[in-house]
Amino acid sequence: MSAFFYGVVLQWKLDLRNKGVLLTYYVVPLAFFAFMGGIFSSINPASKDTLIQSMTVFGLTMGTILGAPIPLTELYGSEIKKAYKVGGLPLWVATINNFISAFVHLFIVSLVIFFIAPLAFNAKIPTNLAHHFLSLAIFIIVSLSVGTVLGLFIKDISKLTMASQFIFLPSIMLAGIMFPVDMLPKVLENVGKIFPATWGYKLMTSESFDIKLIIPLAIILFIAMIISVYKLSKISFE
């Protein structure tokens, strides 16, 4: 067990030294928050009611889709994975380490947004804190499961960037954090429902847990887990 925790801590430290991961976990999301938070609150004062949730969804989506897959692609797409085999470690350990490390990084970013937004932009603090942070944790886990699938299947960083953007951009544009989803054509509104960001935003802005919002996230998580387990079983024999 101590070796497992050492691996998680080591991965956490490695993420801080990885420029690609550092940018997508911290630098870009917080820069976007600092820049767009002021614009949103100035143009539409009503946006202050959901500013924490919308900026959090942006930052977490970027981190989980653009950042979290990078260490997995670098590991499973190279000869580094042979070191695990030589050391007698199952390859799934690296995936779990990356998942936990990413969760911690992204939760820290969420806390920064949560505490700074009310001070900098007079954003409204969620009334039900337990609901907010539980919804936040659920959203991070589901989004990370999607990012894990990307990292396991794509073995080239340039291809990973393209594939991640293909998921990230629609997630942000169709989730409702930039503008209300009812302004979109019905087709695009329905397309947005396949992305975790849409349901995560709805869950975090709701006043209580709604099973109708939990079910889609549970389905996405289940599918991503099945795909990840299948891919890891194939990688072990490569």
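Can you tell me the length gained on complete extension of the stretch L10 to S42, counting 0.36 nm per residue apart and subtracting the Cα distance?
Numbers: separation 32, 0.36 × 32 = 11.52 nm, distance 4.19 nm.
Value of the extension gain: 7.3 nm.
Match the structure shown to one of the listed values (i) 52, 23, 13; (ii) 32, 19, 16; (iii) 28, 20, 19 of semi-axes √(5λ) of the Cα gyration tensor in Å, computed from it, and give that label.
(ii)
Report ³J(HN,Hα) in whole Hz for each residue of region 153-162, in order, from the Karplus equation J = 6.51 cos²θ - 1.76 cosθ + 1.60 where θ = phi - 60°; Gly and Pro get x.
Rounded to whole hertz, the list is 8, 9, 9, 10, 4, 5, 5, 4, 4, 5.
Dipole size in debye (nearest 20) for region 2-235 around its Cα centre, Lys and Arg Cβ +1, Asp and Glu Cβ -1? Show your work: numbers first, answer last.
On the way: 16 positive and 9 negative charges, 116 e Å.
With Lys and Arg at +1 and Asp and Glu at -1, about 560 debye.
Can you sort M36, M162, M62 from fewest to most other Cβ atoms within 10 Å of each residue's own Cβ?
Fewest to most other Cβ atoms nearby, the residues stand as M162, M36, M62.
Here are some pairs, K13/K186; K48/K155; K13/K234; K159/K234; which of them have Cα atoms lying more than 32 Å apart in this structure?
Working: K13/K186 44 Å; K48/K155 41 Å; K13/K234 28 Å; K159/K234 20 Å.
In this structure, K13/K186; K48/K155 exceed 32 Å between Cα atoms.
For the ranges 141-149, 184-192, what's the packing order if you count other beta-carbon atoms within 10 Å of each residue, average per peptide, and put the highest first? Don't skip to the end; give the middle numbers.
On the way: 141-149: 23.9, 184-192: 12.9.
The packing order, highest mean first, is 141-149, 184-192.
Sort 109-115, 176-182 for me by packing, meaning the mean count of neighbouring Cβ atoms within 10 Å per residue, highest on top. Let's see the in-between values first.
Numbers: 109-115: 18.6, 176-182: 15.6.
The most tightly packed comes first, giving 109-115, 176-182.
How would you rank T205, T61, going from fewest to most other Cβ atoms within 10 Å of each one's own Cβ?
Ascending Cβ contact count within 10 Å gives the list T205, T61.
Which FRET efficiency value, to the nearest 0.05, is calculated for K193 and V229 with the Förster distance at 22 angstrom and r the Cβ-Cβ distance? Before the final figure, lay out the partial values.
Details: r = 25 Å, r/R0 = 1.13.
Efficiency, rounded to the nearest 0.05: 0.30.
Could you work out how far apart the two model spin labels at V27 and S206 are, taking each label as a point 7 Å from the Cα in the direction of the beta carbon, and quote it in nm?
My value for the distance between the label points is 3.7 nm.
Using a 10 Å cut-off around each Cβ, can you sort W92, W199 from fewest to most neighbouring Cβ atoms?
Working: W92 15, W199 26.
Lowest count first: W92, W199.
We did not get these values from a lab; they are worked out from the coordinates using the rules stated. The structure presented is a predicted model; accordingly, all values stated were derived computationally and were not measured. Cβ coordinates were reconstructed from backbone atoms using ideal geometry, including for glycine residues, and neighbour counts include every protein chain displayed.
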